[in-house]
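> Before I ask anything, here is the structure I am working with.
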Amino acid sequence: MNVVSLSYIDLLLASVLLFIQAGLSLWMKLGLSRRILIAGLRTTVQLLFIGVVLKTLFAHAGIGWLSLMAFVMLCAAGREILQRQKRRFAGIWGFGLGTLAMFISSFTITIVALLAIIQNRPWYTPQYAIPILGMMLGNTMNGISIGMDRLTSMAWQQRAVIENRLVLGHSWQEAISDIRRESITSGMIPIINAMSIAGLVSLPGMMTGQILAGNLPFEAAKYQILIMFMISGGTGLGTISAVWLGSRRLFDERQRLRLDRLKSREST
Amino acid sequence: MDLFTARNLIYKNYGPLSLTLRGSQSIGLTGPSGSGKTLFLRVLSDLDPYEGEIKLDNKSIISYFPPDWRKNVSLLPAESQWWHDTIGHHYAISCQQWLEKVGFAADVMNWQVSRLSTGEKQRLALVRLLCNKPQVLLLDEPTANLDKKNVHIVEELLHEYRKKNNAGLLWVSHDMDQLKQNTEMIYNMSDGKLEVML
């Protein structure tokens, strides 16, 4: 494989794009310049850092270090889900719910894929395990955060409807059913759309990466299909479990709607 | 025997409150806005947490499956909610007789919710609630959005329902004349306390 190596000068050139964007934002008073520059800086530091970490990890393929890495990734994703909630669950539930749902979906599917489909020896070979887990986490994270955000904000807005259904003798499941369905749907639409247009409009990121790295396009396509299916399965499983657990948490043991278990971001 | 009792209820910073309803008894509840009348009704139909003891037919609220409790001790909210497109989808069973009583023809079931006025919604919501055959009705300003003629119709219907089904009524209103006509006893709520007014 002959890869064109990038120099720091190349990256510096590309970063000009960010500065142009920041300048435009300043000029148009969008108030985004600071955020763009910080996000750009974070990308640089985080990716270079993970590059170093992975280099070390690939050299020493211990399952202990791998688990630690996976755990850190999970917590970071859990925190990100929390950040994206307009109204989050108070206490441990805020972080716990999304993280648990992500754990259930991403870890299960990644492990099954590594054991049954990729079948490396050892199965946890970091070179495969980490990128796949990362891709799973990143995508299920989107589905889960959209689904949960939708669930809590709709429950908040439609409180009167939910409670009117309760007083008519509906169970909590019936009273929240429409909202639950809509939340799960909105969490899953992005990945369904991504599968529908894959290859037509753009090449998915991983396939692009493999082709740039010199892999055969057809091999890259097969990998991409595998990943798409896994992401879709993971997003579905993760979104459904998060929305289900979340909707359960919205009601107490007397099936009362407990919006006091949510807190809005402003009040934290 | 008492149909419904609430003893030493405490919720938020209200209470302790106690109230007893006999079968086919109607009690009025009035008081300034924000005195906790609506919250009181919500607690009685188990929509909000509270401390204290509530009983129906001498059985504790705890022994009821929550949806069954709410079917029996039913709250009519001040503003009714509709979540399907057509009226009919909101009714579990047909309630022809009561629909006619409040002035609707049978084809109302096919109507679009968006077509309804607030007053029509309020009358249809009452019928929807009565379909469940509640033993205790908690009415939060049930005639607030109605014209004179329909106020009368609703009062008649509630009277008839109460007598026929031996049901208890707790009627929240700001209209003292209405309460005097429709209830046997009136409580005033202020500062989170109940006092007998009439």
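The values are calculated or read from the model by the stated rules, or taken from the named source; none is laboratory data. Given the structure is predicted, the values throughout are model-derived calculations rather than measurements. Because the Cβ atoms are built from the backbone with ideal geometry, glycine has one as well, and the counts that use them run over all protein chains shown. The area values use the complete protein model at the heavy-atom level, side chains included, leaving out ligands, DNA and RNA. Shrake-Rupley method; radii C 1.70, N 1.55, O 1.52, S 1.80 Å.
> Please tell me the relative contact order of chain B in percent, rounded to the nearest whole number, where contacts are Cα pairs under 8 Å and at least six residues apart.
Once divided by the residue count of chain B, the mean separation gives 32 percent.
> Ignoring everything except DSSP H segments at least 4 long, calculate the 222 nm mean residue ellipticity for the protein assembly as shown; use -39,500 (n - 2.57) per segment, divide by total residues, nearest 500.
It comes out at -18000 deg cm²/dmol, rounded to the nearest 500.
> Per-residue accessible area for B:CYS95 at 1.4 Å probe radius, Å² rounded to 10?
That residue has around 10 Å² of solvent-accessible surface.
> With a 1.4 Å probe and all protein chains kept in place, how much accessible area does B:GLU53 have, in Å² rounded to the nearest 10?
Probe radius 1.4 Å; accessible area of B:GLU53 about 80 Å².
> Further, regarding this structure: Using a 1.4 angstrom probe on heavy atoms only, work out the carbon and sulfur share of the accessible area of chain B in %.
For chain B, the apolar C and S fraction of the accessible surface comes to 47 percent.
> Shifting gears a bit: Can you pull the semi-axes for chain B, root of five times each eigenvalue of the Cα gyration tensor, sorted largest first, whole Å?
28, 19, 16
> If you don't mind, another one. Using the Cα gyration tensor of chain A, with a ≥ b ≥ c the square roots of its eigenvalues, what is the shape: rounded (a/c below 1.5), prolate (a/b larger than b/c) or oblate (neither)?
It comes out prolate by the Cα gyration axes.
> Averaged over B:61-74, how many beta carbons belonging to a partner chain fall within 10 Å of each residue's beta carbon?
Whole-number average of other-chain Cβ neighbours for B:61-74 is 4.
> Go through B:LYS55/B:LYS149; B:LYS71/B:LYS164; B:LYS148/B:LYS180; A:LYS263/B:LYS121; B:LYS59/B:LYS121 and tell me which ones have a Cα-Cα distance over 25 Å in this structure.
Over 25 Å apart, Cα to Cα: B:LYS55/B:LYS149; A:LYS263/B:LYS121; B:LYS59/B:LYS121.
> Still on this model: Starting from the Cα of A:LYS29, draw a straight line to each of the lysines and keep only those under 29 Å, dropping any in the same chain fewer than 8 residues away.
A:LYS86
> Could you tell me which of A:VAL4, A:TRP65, A:PHE19 has its Cα farthest along the dipole of the stretch A:1-157 towards the positive end, charges placed at Cβ (Lys, Arg +1; Asp, Glu -1), taken about the Cα centre?
The one lying farthest along the dipole's positive direction is A:PHE19.
> Could you work out what % of the accessible surface of the stretch A:1-59 is carbon and sulfur, using a 1.4 angstrom probe and leaving DNA, RNA and ligands out of the count?
Answer for the stretch A:1-59: carbon and sulfur cover 74 percent of the accessible area.
> What does the charge count around B:TRP111 come to, taking other residues whose C-beta lies under 13 Å from its C-beta (Lys +1, Arg +1, Asp -1, Glu -1)?
0
> As an exercise, take the mean of 1/r over every pair of distinct alpha carbons in the protein assembly as shown, invert it, and state the Kirkwood radius in angstroms.
Across the protein assembly as shown, the inverse of the average 1/r is 26.6 Å.
> Roughly how crowded by other chains is peptide A:157-167, in terms of the mean Cβ count from those chains within 10 Å of each of its Cβ atoms?
Rounded to a whole number, the mean comes out at 6.
> Less than 11 Å Cβ to Cβ from B:LYS121, Lys/Arg counted +1 and Asp/Glu -1: what total charge do the surrounding residues give?
Value of the local net charge: +1.
> For the stretch B:128-192, what mean projected area does the convex hull of the alpha carbons give, in nm²?
It is 5.0 nm².
> Further question: For the stretch A:1-59, what does the alpha-carbon gyration tensor say about shape, rounded, prolate or oblate, given a ≥ b ≥ c as the root eigenvalues, a/c under 1.5 as rounded, and a/b over b/c as prolate?
oblate
> Right, something else. Across 10 Å bins from the origin, how do the percents of Cα pairs in the stretch A:146-268 run, short distances first?
Binned Cα distances yield the sequence 12, 33, 22, 16, 12, 4, 0.
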